[in-house]
Every structure is written in C-alpha cells, then in structure tokens.
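Working notes, beginning with the structure itself.
What follows is calculated from the coordinates using simple rules that are stated; it is not laboratory data. The shown structure was predicted, so the numbers you read here are calculated from the model rather than taken from an experiment. Cβ coordinates were reconstructed from backbone atoms using ideal geometry, including for glycine residues, and neighbour counts include every protein chain displayed.
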Amino acid sequence: MVYKNIICPVCGGSCDDVQVELKDGTIDVQNACKMGNAKFQEVVSSHRLLKPTIRENGKVKDVSWDEALEMSADILANSKRPLFFLGSETSCEAQEVGLHIAEYLGGVADSNATICHGPTVMGIQEAGCVGSTAGQAKNRADMIIYWGVNALESMPRHMSKYGVFPRGYWAKKGRFDRTMVTVDPRKTPTAVASDLHLQLKPNTDYELLSALFTILNGKEPHPSVEEITGIPIPVMKQTIEMMKESNYVGIFVGLGVSSSYGKHRNIEIALNLVKEMNNYTKCNLGALRGHCNVAGFNQLASYLYGYPFGIDFGKGYPRYNPGETTCVDVLREKDVDAAFVMSADLVNHIPADAAKYLADIPMICLDIAPCPSTTASDVVLPGVIDAMECDGTFYRLDNVPVHFEPFTDSPFPETKSNEDTLKQLFAKVKAKKEA
Amino acid sequence: MEALLNTGSTIDEGRLAKGGNKYSEDYKTECAVCWVCAEDFAALGCPEKVKVTSRDGVHSVAVSTKVTESVKSGHVFIPRSIWANVVVEPSTFSTGSPLYKGSPVSVEPTDDVVMDAEEIVLKLYMGEE
C-alpha cells in the first residue's frame, strides 16, 4: 500500500509530502532528500536497535524491557541532579513527559537547541523577531539571503520547497524572479548556486552586520571593516541597495551566525537590521533549524515553564541561565551526576571535555541505531520512530505545528511510542521515590 | 599551522548519520577529513593525514586531508562529527553553544592512525585501551 503526505522526521523542514510504500522487508520512498530517505530506511534496516541492553561490569547484555526500565529508574531516582537531554527527532508529546520527569526530580532539562540555534533564540529574546511562515517567503520573496548556512546540504529541500525555486503568488517565475545571496566563509554548494557570495572571514559576522546597518542608516562604515571582514565596502553598499529595492527579503540564518564569535549578539544585530530594513521594504529573518522538532522543544518548554531551553529545576522552580544551566556547560563543569539522552546522539555532537564526562556518569540512552551515545551508555532503550511508527506533533522551522500520522506500528509490543516509554519510566521513578 | 576550524553539514554526512551508519567505513571516509586549501596543503608538506589539536593543547585527533578551493588559507573545515568535536572549543560564551564555527586549532602532519567513531568513544572518552 502507498502512503502519501507522510511527514519527514529529519531536518527542520519537516517536509509533509513524502510518499512511502512498504513491501516485503523494503521501503520505497518518494520526494524525500538523501537524508530523509536514509532515515525512512531505518524502518527496515538490519542495524536497528530492537532489544534493550545494559552495561554490567563493562559488558553489554540484552535484558527485558522491564529490567532496562528498572535500571533506568534506579539511575534517575538515585541521582542528585540528573540531566535530561530531550532530543529533537521525537515528538513534543515525548518531550513533555521528559520535562515533567526533570521537574519532578529537580534535574536539568535541555534539548538540541542548546547546541544549535540556542543563541538565535537568545538573540530573539534581545531584539524581538520580524518573522513569517515559510509560505510567506515562498509566495512573496524576490530576494533570499542564506547567511551562515549551507542550505543545499543541511536542509536539502529548502531551496526547492520554500526558498528559491518554487513559483510563488508574487514570484511567479520562481528562481528567475529571485535574487539569491549567500554569506559564508566557505564556498559551499549553496554559495556556488547564488547570484552573489559574500565570502567573509570567519568570526566577523558581527562586524559585517554592523557595517551593513551603518550603510542602511546613511553613514559610511569605518574603512577598517574591509580588512576585518574581507568584504569591500562597495559590495556591502550594493547588497543593501539590492535589499532596499526588493519587494520582500527573506533572510535565513544558520549556525554560521549563531555559533561563531558574537553568538546571540550576531543574531541581535541581524534582527535589528531587519527591523530597520522594514522602513524600506518587507524583510524577515528565520532560522534553518537542524531537526524536525527542535523548534518544538523551544515552544513546549516556553509555554510549560517560561524558558525555551536549558531549564534547571534544582531549586524547585524553573531557572534559565545559558552558560550555567545548559547541557554542555553542566557537563563541562561536572554539575550533573546522571543523564537521560533521548533521540539525540549527544556524545557525537558535543566537545571532548563534555563528552568524556558524559561517558563517565551513569547514562541512559533512548535511540534507534548504534552510535557513540549508545556505546557510552549504561542502559539503552530502543526508540520508536516518530512519523513512521507513531503519531504526534513537530514544530517546523518556522514554528508551525505539524501533526504527523504513522504508516506502520511500533515494532515493540512493550511500547507504542517514545512518549509511552517515558510514561512507563516516569511511573517507575515515582514508585521508587515515593516508596 | 594555526587555523580557524569551521565544522558543518555535508550531504553525505547527513545521509550516513540519519541512516544510522555512524560506525560505517563510509562515515569515517566522509567525516574524518580535514579540508584545506592548496596553499596550506603545500605548506604542510602535502600530508595524507594531519593531527588537529584544540587551542588548549589537551585534545587532538588524526584525520585525512582533502584539498579544496572552498576554504581560504588559514581556515580548515571538518564535517560535523565526533572527529571535529574532539577539538571544538568547549566554551559557550554564556550561551550554551560551543564554538562549532571558528574554533582556533593547530594542524600538523601526522602518521597517527585515523580512529573510527567507536574507537574515539572507547579510547578517548571511556578510557579503554
């Protein structure tokens, strides 16, 4: 049977037009990109994690679901300050249960945003955000700027689905109606496909944005900005003129802005530039988010606890202080004594000091395939694949909630979804704490 | 050679990571690679492998080299992966996010073996020999 309009559970694009056909032991996927197709193949892959395991005396052995959940509950209930890293390739419903366990135990809850667009969220808190849905840019934008993001390789369908190529209501000729600019220190495939590439020096985004802001305000930037950024001032002026002359400018930022020197201040000044640009034309800024539900954690944590990521429940109420209550910092400073990592290969993606400490402390990992985090874990709980094997909610890159339906069932009789697994775990943790 | 390290996605890094193949040879071939420009490659003596060391000198990792026109002199790129993150600057500047873009590193030729992802976890992070 062919299933249509399946949501892709990979990058922040959360594409909603994937078509799949399950056959005997194979899956045929249409419309997904290379990354999406690879994830859909996990439903039938030979390396899928299908049995819970625990590490005992250095040896890994298969155990029953009940034994794995018991050991997980023991680790969490005996921890003074557990870290809950609630990854972004699972549903808001699962993340919500994880947040409640963290609150109950007085732990720290965080998600991929903290090592992704966390500084972007902080920049928005500083400056506010002229935002829009992805459809606005698709229908209206005649100038697209990719700043610090290699969209062709990190969100492969963004250019064809939302950004550059689609025919929009006011951009009827698609690519021919649009000017495309890339700002990146690397000559990426996205930069090669652009009309203009500003190949700035690494870590000079703030200086370049500041100079553009100065030009927009009718002033001359200091000549040293050419040497600092590597971009000639006439090119900066040309860029500002192109923006002012456009009907709608869609700016999409990536980690090149939020993860280089300047961090959230880069985003703050970019958003202030966007606000100012709205005196001349319509302009908005959005983040190309790396995971299908990384925006969802920010939304969920904000409406449940008031803060978008890095929430510390240690004092009995939620606290948020990036740099102190965020995942990499609590690990680097050895401020937690156990960890629960769900649907995110944290060991693979954090710096060595933090990864080494994470491997030292008792860790529970919920995932679908072998990876550095499962290797370093004391307990591994097999994951259910959202949008394929269970239903739930993602928030897309533009913070639009997307409800997804499965096309097959969980392969595990013991659990229907990661939300279900976490609810079972929470019940065991409560039973141990209240015994 | 002192350089600024940029890390980020490549399409095959994404394909292999999302497909659960982080322990495959293909993943190592794609990600355990330091991209340098021709000028820096020549200055390093055209090595097949380089050792990349973090700014504090504490962490280092051996990776293969790839000559490319996509980066300028003094800049290197390693695809987002465990190899890159061994040497990424862990300070978050009070934001929670490490310096995945623009970390200062040093790069030198090496004959060290390029470890696979599981070896890095077991040897560097879990301390097994």
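Given a cut-off of 27 Å, name the pairs among A:Lys23/A:Lys61; A:Lys201/B:Lys18; A:Lys61/B:Lys51; A:Lys34/A:Lys356; A:Lys315/A:Lys430 whose C-alpha atoms lie farther apart than that in the structure shown. The pairs that break the limit, which is 27 Å between Cα atoms, are A:Lys23/A:Lys61; A:Lys201/B:Lys18; A:Lys61/B:Lys51; A:Lys34/A:Lys356.
Using Cα-Cα distances under 8 Å and only pairs 6 or more residues apart, what relative contact order does region A:124-192 have, in percent?
37 percent
Note on region B:2-125: the alpha carbon radius of gyration divided by the globular reference 2.2 N^0.38 Å gives 1.00.
Partner shielding of A:36-49 amounts to 3, given as the average count of beta-carbon atoms from other chains within 10 Å of each residue beta-carbon.
Between rounded, prolate and oblate, where does region A:76-132 land on the alpha carbon gyration tensor, with a ≥ b ≥ c its root eigenvalues, rounded for a/c under 1.5, else prolate if a/b exceeds b/c? The shape class here is prolate.
For the pair region A:212-244 / region A:132-173, the C-alpha centres are spaced 25 Å from each other. One chain, two ends: A:Lys430 and A:Lys187. Fully extended at 0.36 nm per residue, the span grows by 82.2 nm beyond their Cα-Cα distance. Kirkwood hydrodynamic radius of region A:317-403, from the reciprocal of the average inverse Cα-Cα distance over all distinct pairs: 14.5 Å. For A:Val183, the residues whose modelled amide H falls within less than 5 Å of its own, excluding neighbours fewer than 5 places apart on the same chain, are A:Tyr146, A:Trp147, A:Gly148, A:Val149, A:Leu198.
Show me the trypsin sites (Lys or Arg not before Pro) within region A:241-325 that DSSP assigns to loop and that have at most 14 other Cβ atoms within 10 Å of their Cβ.
The qualifying sites are A:Lys315.
Computed over the alpha-carbon pairs of the protein assembly as shown, the distance histogram in 10 Å steps reads 4, 18, 29, 27, 16, 5, 1, 0 percent, short to long. Coupling constants for region A:413-429 follow from the phi torsions by the Karplus curve (6.51 cos²θ - 1.76 cosθ + 1.60, θ = phi - 60°), and in residue order they are x, 7, 8, 8, 6, 5, 4, 4, 4, 5, 5, 5, 5, 4, 4, 5, 4 Hz; glycine and proline get x. Per residue of B:110-117, other chain Cβ atoms within 10 Å of the residue Cβ number 1 on average. Per residue of B:80-86, other chain Cβ atoms within 10 Å of the residue Cβ number 5 on average. Is region A:118-287 best put as rounded, prolate or oblate by its Cα gyration tensor, with a ≥ b ≥ c the root eigenvalues, rounded for a/c under 1.5, and otherwise prolate when a/b is larger than b/c, oblate when not? It comes out rounded by the Cα gyration axes. Amide hydrogen proximity for A:Val249: with H placed 1.01 Å from N in the peptide plane, the residues at 5 or more positions away or on another chain lying under 5 Å are A:Lys282, A:Cys283, A:Asn284.
Only helices enter the 222 nm calculation for chain A: every DSSP H run of n ≥ 4 contributes -39,500 (n - 2.57), and dividing by all residues gives -10000 deg cm²/dmol, rounded to 500. Bridges between two residues of region B:2-125, per DSSP, are antiparallel at a rate of about 65%. At an R0 of 35 angstrom, the distance between the Cβ atoms of A:Ser45 and B:Val113 translates into a FRET efficiency of 0.75. Whole-Hz Karplus values for region A:390-398 come out as 7, 9, x, 10, 10, 10, 5, 3, 9 Hz, taken residue by residue from phi with 6.51 cos²θ - 1.76 cosθ + 1.60 and θ = phi - 60°; glycine and proline positions read x. Note that region A:349-361 has calculated 3J(HN,Hα) couplings of 10, 10, x, 4, 4, 6, 5, 5, 5, 4, 6, 6, 8 Hz, one per residue in order, obtained from phi through the Karplus relation 6.51 cos²θ - 1.76 cosθ + 1.60 (θ = phi - 60°); glycine and proline are x.
What does the helix-only formula give at 222 nm for chain B: each DSSP H stretch with n ≥ 4 adding -39500 (n - 2.57), the total divided by the residues, and the result rounded to the nearest 500 deg cm²/dmol? Calculated at 222 nm, the ellipticity per residue is -5000 deg cm²/dmol. Take chain A, mark every one of the GluC sites (Glu not before Pro) that falls in a DSSP loop and has at most 13 other Cβ within 10 Å, then report the longest stretch left between them, sites excluded. Between the exposed loop sites, the longest stretch runs A:1-332. With the simple spin-label model, which puts each label point 7 Å out from Cα in the Cβ direction, the A:Lys4 to A:His100 separation comes to 3.7 nm. Rounded to the nearest 5, the antiparallel percentage of DSSP beta bridges internal to chain A is 40%. Computed over the alpha-carbon pairs of region A:41-94, the distance histogram in 10 Å steps reads 18, 34, 41, 6 percent, short to long.
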